[in-house]
Amino acid sequence: MEIVKSTKFLGVHLADNLTWSLNTSSFTKKAQQRLYFLRRLRKANLPLPILTMFYRGTIESILSSCITAWFGNCTVSDHKTLQRIVRTAEKIIGVSLSSIMDTYTARCIRKANSIVYDHTHPSHTLFTHPFTLLPSGKRFRSIQAVTSRLCNSFFPQAI
């Protein structure tokens, strides 16, 4: 068996040191290539709904691919790089678009709801047993962790 620095699995780049910079740079490169076509469509004077639909179908789908798995552990510079793509698309289209953090939050909520309502999901017990409500009734208890890797993962972010 050969040890490699990084590998691509299901469209996501996994590095040997568990950082997501390589994945972010790959997604940024793909999104930059699609921004060119968005600029060309804008020069062709297409209506705003079509430009927004093109953005959501080609650029946002790239940026939000498996976002619940990797975005929580990205560095601040990776967040800024991804948000720069969204801001550039906003300037090209001329309308306000949802930030990458809003997209991440919405996807986490949707994923958490699907886990909670699916009793056959392997992670269903993580949402029902360890995450009991605190006495205030507003927040959940979370799993104790030694490192920040669990704190930045999907489960505490979804709660």
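Report whether or not residue 77 is outside any loop (DSSP other than H, G, I, E, B), within 21 Å of residue 30 (Cβ to Cβ) and of a type outside the set (Phe, Trp, Tyr). First the steps, then the outcome.
Values: outside any loop (DSSP other than H, G, I, E, B): yes; within 21 Å of residue 30 (Cβ to Cβ): yes; of a type outside the set (Phe, Trp, Tyr): yes.
Spelling it out, residue 77 is indeed outside any loop (DSSP other than H, G, I, E, B), within 21 Å of residue 30 (Cβ to Cβ) and of a type outside the set (Phe, Trp, Tyr).
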Flagged in the stretch 103-136 as in a loop (DSSP other than H, G, I, E, B) and at pLDDT 70 or above, in numbering order, are 118, 119, 120, 121, 122, 123, 134, 135, 136
Expected output for the stretch 98-123 (first residue within 17 Å of residue 80 (Cβ to Cβ), partner among the hydroxyl-bearing types (Ser, Thr, Tyr) and in a helix (DSSP H, G or I), Cβ below 8 Å, 6+ apart or cross-chain) is 104/68
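Being in contact with a helix residue (DSSP H, G or I) (Cβ under 6 Å, 6 or more places away or on another chain) and farther than 30 Å from residue 147 by Cβ: is that true of residue 89 here? Break it down stepwise before answering.
Working: in contact with a helix residue (DSSP H, G or I) (Cβ under 6 Å, 6 or more places away or on another chain): yes; farther than 30 Å from residue 147 by Cβ: yes.
The answer is yes for residue 89.
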Expected output for the stretch 35-54 (first residue of a type in the set (Ser, Thr, Tyr), partner surrounded by fewer than 16 Cβ atoms within 10 Å (Cβ to Cβ) and at pLDDT below 95, Cβ below 9 Å, 6+ apart or cross-chain) is 52/95
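The values are calculated or read from the model by the stated rules, or taken from the named source; none is laboratory data. Just so it is clear, the structure is predicted and the values come from calculations on it, not from any experiment. Please note: Cβ atoms are built from the backbone with ideal geometry, for glycine as well, and neighbour counts cover all protein chains shown.
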